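**Student:** Attaching a single structure in structure tokens format; questions to follow.
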Amino acid sequence: MSIASKYDPTEVEEKWYQYWQTNGFFHSVPDEREPYTVVIPPPNVTGVLHMGHMLNNTIQDILVRRARMLGKNACWVPGTDHASIATEAKVVAKLAAEGIKKTDLSREEFLKHAWIWKEKHGGIILEQLKKLGASCDWDRTAFTMDEERSESVLRVFIDLYNKGLIYRGVRMVNWDPQALTALSDEEVIYKEEHSKLFYLRYKIEGDDKYIVVATTRPETILGDSAVCVNPNDPRYSWLKGKKVIIPLVNRAIPIIMDEYVDIEFGTGCLKVTPAHDINDYMLGEKYNLETIDIFEDNGTISSRAGMYVGKDRFEVRKQIAIDLEAAGLMEKTEAYENKVGYSERTNVVIEPKLSMQWFLNMKEISKPALDAVMNDDIKFYPAKFKNTYRHWMENVKDWCISRQLWWGHRIPAYYLPQGGYVVAMTAEEALPLAREKSGDVNLQISDLRQDEDCLDTWFSSWLWPISLFNGINSPENKEIDYYYPTSDLVTGPDIIFFWVARMIMAGYEFKKEMPFKNVYFTGIVRDKLGRKMSKSLGNSPDPLDLISRFGADGVRMGMMLSAPAGNDILFDETLCEQGRNFNNKIWNAFRLVKGWEIDNTIDQPESSAVAISWFESMLNKTISEMDDLFDKYRISEALMTVYKLFWDEFSSWYLEIIKPGYQQPIDAKTYQQTIAFFDALLRMLHPFMPFITEELWQALESRKEGESIMVGLLPKAGATNERLISDIEVTKEVIAAIRSIRLEKNIPNKEELKLQILGEGHTKNYDSVITKVANLSAITESAEKTPGASSFLVGTTEYAVPVDNYIDVEAELKKQQEELTYLIGFRDSVLKKLSIESFVAKAPAKVIEMERKKLADAESKINSLRESIALMKY
């Protein structure tokens, strides 16, 4: 297989991805091997590839490819999430652009449009992942609303309902006025805002006096049912039994007294609006207050408010402030910082709203899930997220699982004509239950009405590790028994509550076992200034554009070089350039080795034998280090370890030691071992850089059709000779010092030099390496160095290189004298500073120590230069 002069990812990536797919290397079926299972965090069908996906899926692919090469049966299951709120919003927008309103369509008609949209757009992101090199088992691609997953969701709902864990009731929920649906607490994002605190005058009924009540939401006075004060507050004891008049509204409401009110906060008077605040709702329940819902579902004012009907809530907030001021009912306003809840999906301010919804009781099912993580049955990487998890789990609230949407799993509850409901998989299964419950044997399916709501999207994805292997519908099937529990989950900490915690709950509830053994939390991808990447900032590069410019391997490496577990990633395109440069380094090293002529008749040089023994130890040491780093999920560090091995040790040193002279052949023994090393290095690099490693591995020697590096085994660590590694480090220092002398004295590499060893401590075992790489004619022991020789220390051993024959003595003398003059001036300035008593008395000890070190270093260099100048003159 011929190899191009330059690496071109476009010629390589598609070719090998197709080859892997054609040969079924990604596909997994249960067998006798140890399974390694990863389930993809299903991206939304509305989504396209962004930098967060790139990071997450690169890490997953590294883990999966490595597991395959460890001989495990790796199964990486891909799929997409139906994303109820986001997808319904996209479809509604598309229909609106065509002049069609959702309200003009039946549910069935709308769902036809939604499915058409999903089929057109839903698979885009998975196709994009293939460009990255993702080795998913595409034959297993799932969708949270496909037939198998949908059946699983309905069965789980019915099971939990029959256990008494799912219930229906009117509760205060988070309402999204744009998506027109309830949200769970986890779907509300709180943001700090610059608000106003409005101080309003509530007049006492039948009196000229008034009290002042502070609120950030003056529009909600339309729904006030009471004003509450603390019974222990002496300022308001006179209000007991009285009523106040709501400003502008002119409706009388009672004063209630409850210790819930904080005497120190605001004015000490709290307006109570039971329909629009969770705490007010609890007070309303306690004191049997009227509940007045002043908002329509879309956030406009309802007729129940009696004023400002049909206007938007924020428009009314501005207008009512003006009207209160005009009526003399506004005491004052103040700037105020408070947290406001926004819908995680639509970024609209949510409304607390009383609504009939379905809930899942979380108290009991959360206990095993909390214990599993705190006891390290399930390990978090990094472990700091255990505290975040514990805090949420110990304060978990019931999950509002119903959504007022059509796109999603419709709640399998069927209402009876005379009231009440039954829960069943289908209307046909509901009918006998309905007849039994009602006592009416004449009931027909047409008499039943299915609940209009659908289930929260997360109610399907919390089953993902189980439902992907049909573990709900067929609990004892061969696949769930083999692949479950899964091995590693790679995800972002932002969905630790939405998804990770709930999957753990589902695992213990439905399989009595953890859903995965380890959770690796990625960081958030930020730009180099530390800002979160977003479309609005224009700082998020298109991943596919990066791949086209730097190659998939270059981008994968760029992501991983900056991606320690759990810490935010400061992404810079220069990292992708570094990745591309490394590709080129590997490519050029390969071309160098494959370009050598082999001679079976020549003996192996001693320097090559030493190099092979040394590099074998370095390779074994690196394999052990990488195994340890992967065990600790320090994946970026594992990449850096093999990166340094290839760049610093293999390319910069090993190949330099063993390469034959210009137009000379290499001995067969060294060549074969070098090819074996290259094979091992490519295998170690493959999980990180799959495309270039496959291309070069295929060209390393002749291969049969169907062979691939990705199904080969990783090299195993052998013995490591630490003494040899340490000795070669010293040898490298000697060579580096000789190279510095060549550079300093402008002596060409082709000129042979001599090396003198002055004193003891030098090991001759590696002279062949020094002679070869430093291009020496001889290494000799000497009692004293040749006059004019350049000397250096490595450890405690002094070396010298005679250079008189290679340099212009007059020019070198002038150069050294100039340097001596500079150093004497520098030394004198340091001496002057140290002679100032106030400086020595006041400066920190570290500063004084640093100055004294500068002085000692300068003295040492001055002495060396004086000696060198004297020898040159001599």
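The values are calculated or read from the model by the stated rules, or taken from the named source; none is laboratory data. Given the structure is predicted, the values throughout are model-derived calculations rather than measurements. Positions of Cβ are generated from backbone atoms using ideal geometry, with glycine treated the same way; all protein chains shown enter the neighbour counts. The area values use the complete protein model at the heavy-atom level, side chains included, leaving out ligands, DNA and RNA. Shrake-Rupley method; radii C 1.70, N 1.55, O 1.52, S 1.80 Å.
**Student:** Among the residues in region 812-827, are any among the basic types (K, R), surrounded by 13 or more Cβ atoms within 10 Å (Cβ to Cβ) and in contact (Cβ under 8 Å) with a residue 12 or more places away in the chain?
**Tutor:** Step one: filter region 812-827 for residues among the basic types (K, R), giving 814-815, 827.
From what's left, surrounded by 13 or more Cβ atoms within 10 Å (Cβ to Cβ): 815, 827.
Narrowing further to those that are in contact (Cβ under 8 Å) with a residue 12 or more places away in the chain: 827.
Yes, there is a match, as at least one residue in region 812-827 is among the basic types (K, R), surrounded by 13 or more Cβ atoms within 10 Å (Cβ to Cβ) and in contact (Cβ under 8 Å) with a residue 12 or more places away in the chain.
**Student:** Within region 475-534, which residues are at pLDDT 95 or above and among the charged types (D, E, K, R)?
**Tutor:** K478, E479, D481, D488, R502, E509, K511, K512, E513, K517 - these are the residues of region 475-534 that are at pLDDT 95 or above and among the charged types (D, E, K, R).
**Student:** Same structure, new question: Taking the stated definitions as given, is S777 within 23 Å of V809 (Cα to Cα) and open to solvent by less than 30 Å² (accessible area, probe 1.4 Å)? Lay out the reasoning, then the answer.
**Tutor:** Details: within 23 Å of V809 (Cα to Cα): yes; open to solvent by less than 30 Å² (accessible area, probe 1.4 Å): no.
Spelling it out, it is not the case that S777 is within 23 Å of V809 (Cα to Cα) and open to solvent by less than 30 Å² (accessible area, probe 1.4 Å).
**Student:** Could you grab me the full set of residues in region 260-275 that are open to solvent by less than 30 Å² (accessible area, probe 1.4 Å) and either under 21 Å from T181 (Cα atoms) or in contact with an Asp or Glu (Cβ under 8 Å, 6 or more places away or on another chain) (or both)?
**Tutor:** First, the residues of region 260-275 that are open to solvent by less than 30 Å² (accessible area, probe 1.4 Å): 261, 267-269, 271-275.
Scanning region 260-275 gives V261, G268, K271, V272, T273, P274, A275.
**Student:** Residue pairs, Cβ under 6 Å, 6 or more apart or interchain, first in region 386-397 and at pLDDT below 95, second surrounded by 13 or more Cβ atoms within 10 Å (Cβ to Cβ) and not in a helix (DSSP H, G or I). List them.
**Tutor:** V396/M362
**Student:** Still on this structure: Of all residues in region 309-350, count the ones that are within 16 Å of F198 (Cβ to Cβ), touching a helix residue (DSSP H, G or I) at 6+ places or on another chain (Cβ under 9 Å) and either in contact (Cβ under 8 Å) with a residue 40 or more places away in the chain or open to solvent by less than 30 Å² (accessible area, probe 1.4 Å) (or both).
**Tutor:** Residues meeting the conditions: 9.
**Student:** Filter region 699-744 down to the residues that are crowded, with 17+ Cβ neighbours inside 10 Å, in contact (Cβ under 8 Å) with a residue 60 or more places away in the chain, not aliphatic (A, V, I, L, M) and not in a loop (DSSP other than H, G, I, E, B) and list them by number.
**Tutor:** K732, the sole residue that qualifies.
**Student:** Let me ask another. Do the conditions hold for T37, that is, is it of a type in the set (S, T, N, Q), open to solvent by less than 30 Å² (accessible area, probe 1.4 Å) and either part of a loop (DSSP other than H, G, I, E, B) or out of contact with any strand residue (DSSP E or B) (no Cβ under 6 Å at 6 or more places or on another chain) (or both)? Working first, answer last.
**Tutor:** Details: of a type in the set (S, T, N, Q): yes; open to solvent by less than 30 Å² (accessible area, probe 1.4 Å): yes; either part of a loop (DSSP other than H, G, I, E, B) or out of contact with any strand residue (DSSP E or B) (no Cβ under 6 Å at 6 or more places or on another chain) (or both): no.
It is false that T37 is of a type in the set (S, T, N, Q), open to solvent by less than 30 Å² (accessible area, probe 1.4 Å) and either part of a loop (DSSP other than H, G, I, E, B) or out of contact with any strand residue (DSSP E or B) (no Cβ under 6 Å at 6 or more places or on another chain) (or both).
**Student:** Now a separate question. Between residues in region 76-99 that are open to solvent by 60 Å² or more (accessible area, probe 1.4 Å) and residues that are of a type in the set (A, V, I, L, M, F, W, C) and outside any loop (DSSP other than H, G, I, E, B), which pairs lie under 8 Å by C-beta distance while being six or more apart or on different chains?
**Tutor:** K90/W117; K94/W117
**Student:** List pairs: first residue in region 660-684 and touching a residue at least 12 places away in the same chain (Cβ under 8 Å) and β-branched (V, I, T), second residue open to solvent by 30 Å² or more (accessible area, probe 1.4 Å) and assigned to a helix (DSSP H, G or I) anywhere in the structure, Cβ distance under 9 angstrom, at least six positions apart or on different chains.
**Tutor:** Close Cβ pairs (under 9 Å, with a partner that is open to solvent by 30 Å² or more (accessible area, probe 1.4 Å) and assigned to a helix (DSSP H, G or I)) amount to T670/A609; I675/K594.
**Student:** Now for a different question. Is there a residue being under 39 Å from the mean Cα position of the chain (by Cα) and part of a helix (DSSP H, G or I) anywhere in region 441-458?
**Tutor:** At the first step, the residues of region 441-458 found to be under 39 Å from the mean Cα position of the chain (by Cα) are 451-458.
With the extra rule that they be part of a helix (DSSP H, G or I), the set shrinks to 458.
Scanning region 441-458 turns up at least one residue that is under 39 Å from the mean Cα position of the chain (by Cα) and part of a helix (DSSP H, G or I).
**Student:** I'd like the full set of residues that are hydrophobic (A, V, I, L, M, F, W, C), part of a strand (DSSP E or B) and either surrounded by fewer than 19 Cβ atoms within 10 Å (Cβ to Cβ) or under 31 Å from the mean Cα position of the chain (by Cα) (or both), limited to region 156-179.
**Tutor:** V170, V173, W175
**Student:** Of all residues being hydroxyl-bearing (S, T, Y) and open to solvent by less than 80 Å² (accessible area, probe 1.4 Å) in region 276-306, which is nearest to M172 (Cα to Cα)? Just the residue, please. Working first, answer last.
**Tutor:** Quick first cut of region 276-306, residues hydroxyl-bearing (S, T, Y) only: 281, 287, 291, 300, 302-303.
Checking the rest, the ones that are also open to solvent by less than 80 Å² (accessible area, probe 1.4 Å) come to 281, 287, 291, 300, 302.
On the way: Y281: 8, Y287: 17, T291: 12, T300: 18, S302: 18 Å.
Taking the candidates together, the pick is Y281.
**Student:** What is the residue count in region 100-116 for residues that are open to solvent by less than 60 Å² (accessible area, probe 1.4 Å) and either touching a Gly at 6+ places or on another chain (Cβ under 7 Å) or under 14 Å from M145 (Cα atoms) (or both)? Before the answer, list the steps.
**Tutor:** Taking region 100-116 as the starting set, the residues that turn out to be open to solvent by less than 60 Å² (accessible area, probe 1.4 Å) are 100, 102, 105-107, 110-111, 113-114.
Now restrict to residues that are either touching a Gly at 6+ places or on another chain (Cβ under 7 Å) or under 14 Å from M145 (Cα atoms) (or both): 111, 114.
Qualifying residue count, region 100-116: 2.
**Student:** Report every pair of residues separated by at least 6 positions or lying on different chains whose Cβ atoms are under 7 Å apart, first residue within region 840-859 and within 14 Å of D828 (Cβ to Cβ), second surrounded by 12 or more Cβ atoms within 10 Å (Cβ to Cβ) and of a type in the set (F, W, Y).
**Tutor:** A858/F826
**Student:** Kindly evaluate E436 against the criterion of being open to solvent by 50 Å² or more (accessible area, probe 1.4 Å), among the acidic types (D, E) and part of a helix (DSSP H, G or I). Talk me through it step by step, then tell me what you get.
**Tutor:** Values: open to solvent by 50 Å² or more (accessible area, probe 1.4 Å): yes; among the acidic types (D, E): yes; part of a helix (DSSP H, G or I): yes.
Here the answer is yes, as E436 does meet what is asked.
**Student:** State the number of residues belonging to region 409-432 that are crowded, with 17+ Cβ neighbours inside 10 Å and farther than 30 Å from A83 by Cβ.
**Tutor:** Total meeting the criteria: 2.
**Student:** Here is a further query. Kindly indicate the residue of region 76-134 that is of a type in the set (S, T, N, Q) and outside any strand (DSSP E or B) and also nearest to Y19 (Cα to Cα) among those meeting that condition. Before the answer, list the steps.
**Tutor:** We begin by selecting, within region 76-134, every residue of a type in the set (S, T, N, Q); these are 80, 84, 87, 103, 106, 128.
Within this subset, residues satisfying the condition of being outside any strand (DSSP E or B) are 84, 87, 103, 106, 128.
Details: S84: 36, T87: 34, T103: 49, S106: 47, Q128: 17 Å.
Filtering region 76-134 for residues that are of a type in the set (S, T, N, Q) and outside any strand (DSSP E or B), the one nearest to Y19 (Cα to Cα) comes out as Q128.
**Student:** Now for a different question. Of everything in region 806-837, what is over 54 Å from the mean Cα position of the chain (by Cα) and among the polar types (S, T, N, Q)? Give them in sequence order.
**Tutor:** Answer for region 806-837, where residues must be over 54 Å from the mean Cα position of the chain (by Cα) and among the polar types (S, T, N, Q): Q816, Q817, T821, S835.
**Student:** Additional query: Scan region 222-232 and give yes if some residue there is part of a loop (DSSP other than H, G, I, E, B), of a type in the set (G, A, S) and within 52 Å of the chain's Cα centre (by Cα), otherwise no. So that I can check it myself, show each step before the final result.
**Tutor:** Step one: filter region 222-232 for residues part of a loop (DSSP other than H, G, I, E, B), giving 224-225, 230-232.
This time we only want the ones that are of a type in the set (G, A, S), so: 225.
From the residues that got through so far, the ones that are within 52 Å of the chain's Cα centre (by Cα) too are 225.
Within region 222-232 (the criterion being part of a loop (DSSP other than H, G, I, E, B), of a type in the set (G, A, S) and within 52 Å of the chain's Cα centre (by Cα)), the answer is yes, since at least one residue qualifies.
**Student:** Moving on to the next point. So which of R531, R526 ends up being touching a residue at least 12 places away in the same chain (Cβ under 8 Å), open to solvent by 10 Å² or more (accessible area, probe 1.4 Å) and more than 29 Å from S460 (Cα to Cα)? Quick ask: steps written out before the conclusion?
**Tutor:** On the way: R531 fails: touching a residue at least 12 places away in the same chain (Cβ under 8 Å).
Criteria check complete, one pass: R526.
**Student:** OK, next. Considering only residues that are touching a residue at least 60 places away in the same chain (Cβ under 8 Å), surrounded by fewer than 16 Cβ atoms within 10 Å (Cβ to Cβ) and assigned to a loop (DSSP other than H, G, I, E, B), look in region 18-29 and name the one that is farthest from the chain's Cα centre (by Cα). Break it down into steps so the answer makes sense when it comes.
**Tutor:** To start, the set of residues in region 18-29 that are touching a residue at least 60 places away in the same chain (Cβ under 8 Å) comprises 19-21, 23, 25-28.
From the residues that got through so far, the ones that are surrounded by fewer than 16 Cβ atoms within 10 Å (Cβ to Cβ) too are 21, 23, 27.
This time we only want the ones that are assigned to a loop (DSSP other than H, G, I, E, B), so: 23, 27.
Values: N23: 31, H27: 26 Å.
The extreme case among them is N23.
**Student:** Same structure, new question: Condition first: more than 24 Å from N44 (Cα to Cα), modelled with pLDDT of 95 or more and open to solvent by 30 Å² or more (accessible area, probe 1.4 Å). Can you find one or more residues in region 180-202 that meet it?
**Tutor:** Yes, that holds for at least one residue.
**Student:** Right, another one. Count, please, the residues in region 778-813 that happen to be of a type in the set (D, E, K, R) and part of a helix (DSSP H, G or I). If you could, list the steps in order and put the result at the bottom.
**Tutor:** Step one: list which residues in region 778-813 are of a type in the set (D, E, K, R), which gives 781, 784-785, 798, 804, 808, 810, 812.
Filter once more, so that each one left must be part of a helix (DSSP H, G or I): 804, 810, 812.
The total comes to 3.
**Student:** Give me the pairs: first residue in region 216-240 and among the charged types (D, E, K, R), second residue outside any helix (DSSP H, G or I), beta-carbon distance under 6 Å, and six or more apart or on different chains, which are they?
**Tutor:** D224/I246; D224/I253; D224/K271; D224/T273; D233/I263; D233/G268
**Student:** Let me ask another. Got a sec? Which of T693, T670 is buried (at least 16 other Cβ atoms within 10 Å of the Cβ), under 41 Å from the mean Cα position of the chain (by Cα), β-branched (V, I, T) and not in a loop (DSSP other than H, G, I, E, B)? Write out each step before concluding.
**Tutor:** Numbers: T670 fails: under 41 Å from the mean Cα position of the chain (by Cα).
The unique qualifying residue is T693.
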